[in-house]
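What follows is a short report on a single structure.
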Amino acid sequence: MDVTIRGAGIFGLSIAWACARRGAKVRVIDPHGIGAGSSGGIVGALSPHVPENWNDKKAFQLESLLMAEEWWTVAAQAGGGDPGYCRSGRLQPIADAAALERAQARSVGAEALWDGRARWSIVPRADAGAWSPPSDSGYLIHDTLSARINPRAALDCLARAIRARSGEIVAAGSDAGAVVWATGYHDLARMGVAGAGVKGQAALFQLDQRDAPQLFVDGLHLVPHHDGTVAIGSTSERDWSDPATTDAQLDALIDKARQLIPALADAPVIERWAGVRPRSRSRAPVIGPHPLEHRGYIANGGFKIGFGMAPLIADIMADLILDGRDRIPADFRPAD
Ligand SMILES: Cc1cc2nc3c(=O)[nH]c(=O)nc-3n(C[C@H](O)[C@H](O)[C@H](O)COP(=O)(O)OP(=O)(O)OC[C@H]3O[C@@H](n4cnc5c(N)ncnc54)[C@H](O)[C@@H]3O)c2cc1C
């Protein structure tokens with residue numbers, strides 16, 4: 001065995017796949033099963049930071065979002081799964097004249113910062129069709145970088161690809177080779193990070209908008225999926241007692257979504273879900289040598305964008321573990 005990965009969430013499985021793809025023998029160990037943590041959810045928005053005030057984290061996320069389509073296509077071909085990936089774009093309302101001016105500046109910013117590989121443009125709401133958010137200014141931002149992925153289908157796609165390369169995914173087993181800890185918020189808490197687990201609640205509607213863009217309106221993500229569902233999310237809760245229950249906070253999100261988007265008014269809610277996001281001190285991912293596990297590695301802190309960051313994090317971890325090539329951004333290194 002070349003690499004043992006603890007944790008079968010999006011970080012653990014992505015790293016296992018990146019290593020297996022390069023010919024390494026991998027074993028993923030998770031006593032709770034695939035997608036038992038925050039990765040086993042329903043939202044799956046892969047959306048960029050605003051193209052301004054550029055920094056390393058935004059550049060890293062951009063690279064990961066831009067490589068995602070090919071990365072997921074290769075995984076799907078290797079194992080025969082379908083992650084439900086589509087770069088279907090995103091619409092956001094523009095509230096007023098000041099927001100319109102900001103959106104115009106960001107449109108110029110995107111041309112430079114996104115290197116011509118995606119657009120951030122302003123479109124009249126009247127041209128956007130029925131699946132669009134209300135907009136007081138009459139205009140919307142349309143970006144062509146945002147994508148969607150079905151979280152559970154994505155995990156299944158990776159699991160199939162790993163197994164197709166003779167990798168193991170097991171509930172228990174011994175560590176062998178390099179050991180990667182991708183075990184979610186408990187591990188950050190073990191490292192002394194206060195508030196390492198931020199709970200989120202989300203809901204799934206039965207409504208087929210599979211070819212439509214995702215919407216981001218008033219803090220709410222609405223994400224049409226390939227299986228004829230629309231996910232909405234999410235709450236963000238620092239204080240919680242039960243990681244898996246949903247409550248009135250989710251009811252409020254569902255009501256808000258129904259009010260904003262008429263197509264959802266009569267659509268049935270078919271699932272309510274909650275999970276706990278791993279949040280590091282800096283809110284950025286934490287990757288590299290594990291500060292507590294001798295000669296082990298850590299991949300954690302995906303927080304709200306773990307699915308978007310996973311392809312590049314997986315490739316960088318595979319570079320480090322298999323080739324000794326260290327491409328980890330300074331801001332992502334675990335504190336000593
Ligand atoms: C409501 C909600 C909505 C979200 N929406 C989005 C979104 O739209 N887009 C996006 O990109 N991200 C989103 N996220 C964030 C994303 O889900 C997380 O960043 C991501 O799932 C983190 O993945 P992970 O693999 O690090 O952790 P997890 O998925 O939590 O996986 C950790 C795994 O480790 C296992 N484990 C624990 N201890 C051990 C041990 N000792 N040995 C072995 N295994 C162990 C657990 O069983 C678990 O399966 C959302 C999260 C929530 C909660």
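All of 154, 112 fail the test of being more than 29 Å from residue 208 (Cβ to Cβ) and aliphatic (A, V, I, L, M), apart from 112.
Condition check ((1) open to solvent by less than 10 Å² (accessible area, probe 1.4 Å); (2) within 11 Å of the ligand (Cβ to nearest atom); (3) in contact with a Leu (Cβ under 8 Å, 6 or more places away or on another chain)) across all residues:
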position	(1), (2), (3)
260	no, no, yes
266	no, no, no
269	no, no, yes
280	yes, yes, yes
286	no, yes, yes
304	no, yes, no
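Exactly one residue among 42, 34 is in contact with a Phe, Trp or Tyr (Cβ under 7 Å, 6 or more places away or on another chain), at pLDDT 95 or above and in a loop (DSSP other than H, G, I, E, B), and that residue is 42.
With respect to residue 190, is the statement that it is in contact (Cβ under 8 Å) with a residue 24 or more places away in the chain, within 11 Å of the ligand (Cβ to nearest atom) and over 17 Å from the mean Cα position of the chain (by Cα) true? When the stated conditions are applied, residue 190 passes them. Taking the listed residues 34, 15, 42, the one that is within 14 Å of the ligand (Cβ to nearest atom) and over 25 Å from residue 233 (Cα atoms) is 15, with no other qualifying. Of all residues in the stretch 214-229, those that are away from the ligand (no atom under 13 Å from the Cβ), open to solvent by less than 60 Å² (accessible area, probe 1.4 Å) and over 17 Å from residue 87 (Cβ atoms) total 3. Within the stretch 118-140, the residues that satisfy the criterion of being outside any loop (DSSP other than H, G, I, E, B) and surrounded by fewer than 17 Cβ atoms within 10 Å (Cβ to Cβ) are 121, 122, 123, 124, 126, 127. Out of all the residues in the stretch 45-69, which are farther than 12 Å from residue 149 by Cβ, within 13 Å of the ligand (Cβ to nearest atom) and not polar (S, T, N, Q)? Passing the criteria: 48, 49. Exactly one of these conditions fails for residue 246: (1) within 13 Å of the ligand (Cβ to nearest atom); (2) within 18 Å of the chain's Cα centre (by Cα). Give me its number. Result: residue 246 fails condition (2) only. For the stretch 230-253, the set of residues classified as buried (at least 16 other Cβ atoms within 10 Å of the Cβ) and of a type in the set (A, V, I, L, M) consists of 230, 231, 232, 250, 253, listed by residue number.
Tell me whether the stretch 18-26 contains one or more residues that are out of contact with any helix residue (DSSP H, G or I) (no Cβ under 6 Å at 6 or more places or on another chain), in a loop (DSSP other than H, G, I, E, B), at pLDDT below 95 and more than 8 Å from the ligand (Cβ to nearest atom). No, the stretch 18-26 contains no residue that is out of contact with any helix residue (DSSP H, G or I) (no Cβ under 6 Å at 6 or more places or on another chain), in a loop (DSSP other than H, G, I, E, B), at pLDDT below 95 and more than 8 Å from the ligand (Cβ to nearest atom).
Here's the yes/no breakdown for (1) of a type in the set (Asp, Glu); (2) surrounded by 22 or more Cβ atoms within 10 Å (Cβ to Cβ); (3) modelled with pLDDT under 95; (4) within 26 Å of residue 273 (Cβ to Cβ):
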position	(1), (2), (3), (4)
116	no, no, yes, no
142	no, no, no, no
201	no, yes, no, yes
204	no, yes, no, yes
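Across the stretch 1-12, the qualifying residues are those that are of a type outside the set (Gly, Ala, Ser) and near the ligand (Cβ under 7 Å from one of its atoms), and the one among them that is nearest to residue 297 (Cα to Cα) is 6.
Residues considered: 69, 101, 111. Of these, the only one that is touching a residue at least 24 places away in the same chain (Cβ under 8 Å) and either open to solvent by less than 50 Å² (accessible area, probe 1.4 Å) or not aromatic (Phe, Trp, Tyr) (or both) is 69.
So for the stretch 165-183 (the condition being touching a Pro at 6+ places or on another chain (Cβ under 6 Å) and not in a loop (DSSP other than H, G, I, E, B)), does at least one residue qualify? Checking the stretch 165-183: not a single residue is touching a Pro at 6+ places or on another chain (Cβ under 6 Å) and not in a loop (DSSP other than H, G, I, E, B).
The values are calculated or read from the model by the stated rules, or taken from the named source; none is laboratory data. Quantities reported herein were computed from a predicted structural model and do not represent experimental measurements. Ideal geometry is used to build each Cβ from the backbone, glycine not excepted, and the neighbour counts take in all protein chains shown. Side chains included, ligands, DNA and RNA excluded: accessible areas come from the protein's heavy atoms. Shrake-Rupley method; radii C 1.70, N 1.55, O 1.52, S 1.80 Å.
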